[in-house]
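Below: the structure, in structure tokens.
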Amino acid sequence: MLKIVVCVSGGGTNLQAIMDAIDSGKITNTQIIAVISNNPGVKALERAEKYGVPGICMSPKSYPDRAAFNEAFTQKMVELAPDLVVLAGFLVKIPEQMVAKFSGRIVNIHPALIPSFCGVGYYGLKVHEKALERGVKVTGATVHFVNEGMDEGPIIAQKPVMVEDGDTPEILQRRVMEQAEWIILPQAIDDVANGRLEIVDGHVRKKA
Ligand code: GRF
């Protein structure tokens, strides 16, 4: 059984997609053992409570400095001891000590086709604003392993989404979530849970 901790910051629609996929059997051999949010009172924590898993709020604002938060966040994750950490709309940089302790066991969903529109400053709606500004015809979402860089870890899965005339950032964000994020993140978790992935020469591939 793959024990996962899901980290969230806001709406939690990706968390909900994971919960729904577990309930429907699209994800097997997996249990959500906790949800951690850096923001209090968000819908994602309501979703956790309704689903019956512990919802934990750990906000950097509650610590004297970022180093203290990073230490406490890492320590909490060590205590929870998940097999996989899932960043689902999580907007806080993962401490390097957590990346080291959970090397190869942290995945993130990014709302663009990495290496486009990613890296420092590219998160949430900003990603879609920049995609529309650039005039791309195709965007999408990426699930990747998290390493010490920002959105630089090995890519697990990607799914393209067409940009349509008249799209606003909000409309495009919703389409990318519906047509890509909510599909490839549960699929990636199921692949990890069932041992289907391997990394060869730094690239993720499905085992033959
Ligand atoms: C999603 O587009 C996610 O990719 C981005 O934040 C948005 C909201 O995610 N990081 P959620 O509804 O909180 O899962």
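Brief remarks on what is shown
- Qualifying residue in segment 110-121 (condition: over 29 Å from Pro40 (Cβ atoms) and aliphatic (A, V, I, L, M)): yes
- Scanning segment 81-130 for residues that are of a type in the set (Ser, Thr, Tyr) and more than 12 Å from the ligand (Cβ to nearest atom) yields Ser103, Ser116.
- Residue within segment 48-60 that is assigned to a loop (DSSP other than H, G, I, E, B), in contact (Cβ under 8 Å) with a residue 40 or more places away in the chain and not small (Gly, Ala, Ser) present: no
- Matching residues in segment 182-208 - criterion: being among the charged types (D, E, K, R) and more than 18 Å from Ile106 (Cα to Cα): Asp201, Lys207
- Residue in segment 159-181 that is within 15 Å of Gly104 (Cβ to Cβ) and not β-branched (Val, Ile, Thr) present: no
- Count of residues meeting criterion [more than 9 Å from the ligand (Cβ to nearest atom) and free of Cβ contacts under 8 Å to residues at least 40 places away in the same chain] in segment 28-47: 10
- Leading residue by the ranking (surrounded by the fewest Cβ atoms within 10 Å (Cβ to Cβ)) among those in segment 1-11 that are aliphatic (A, V, I, L, M) and more than 10 Å from the ligand (Cβ to nearest atom): Met1
- Residue within segment 113-136 that is farther than 30 Å from Val200 by Cβ, among the small types (Gly, Ala, Ser) and at pLDDT 95 or above present: yes
- Qualifying residues in segment 12-27 (those that are surrounded by fewer than 22 Cβ atoms within 10 Å (Cβ to Cβ) and in a loop (DSSP other than H, G, I, E, B)) - the one nearest to the ligand (Cβ to nearest atom): Lys26
- Any pair with Cβ under 8 angstrom, 6 or more apart, that starts in segment 108-119 at a residue that is closer than 22 Å to Leu84 by Cβ and in contact (Cβ under 8 Å) with a residue 40 or more places away in the chain and ends at one that is part of a loop (DSSP other than H, G, I, E, B) and of a type in the set (D, E, K, R): Asn108/Asp151; His110/Asp151; Ile114/Asp151
- Within segment 160-189, tally of residues that are within 15 Å of Glu129 (Cβ to Cβ), in contact (Cβ under 8 Å) with a residue 24 or more places away in the chain, hydrophobic (A, V, I, L, M, F, W, C) and away from the ligand (no atom under 11 Å from the Cβ): 1
The values are calculated or read from the model by the stated rules, or taken from the named source; none is laboratory data. Keep in mind that this is a model prediction, so the values were computed, not measured. A quick note on method: Cβ atoms are made from the backbone with ideal geometry, for glycine too, and the neighbour counts reach across all protein chains shown.
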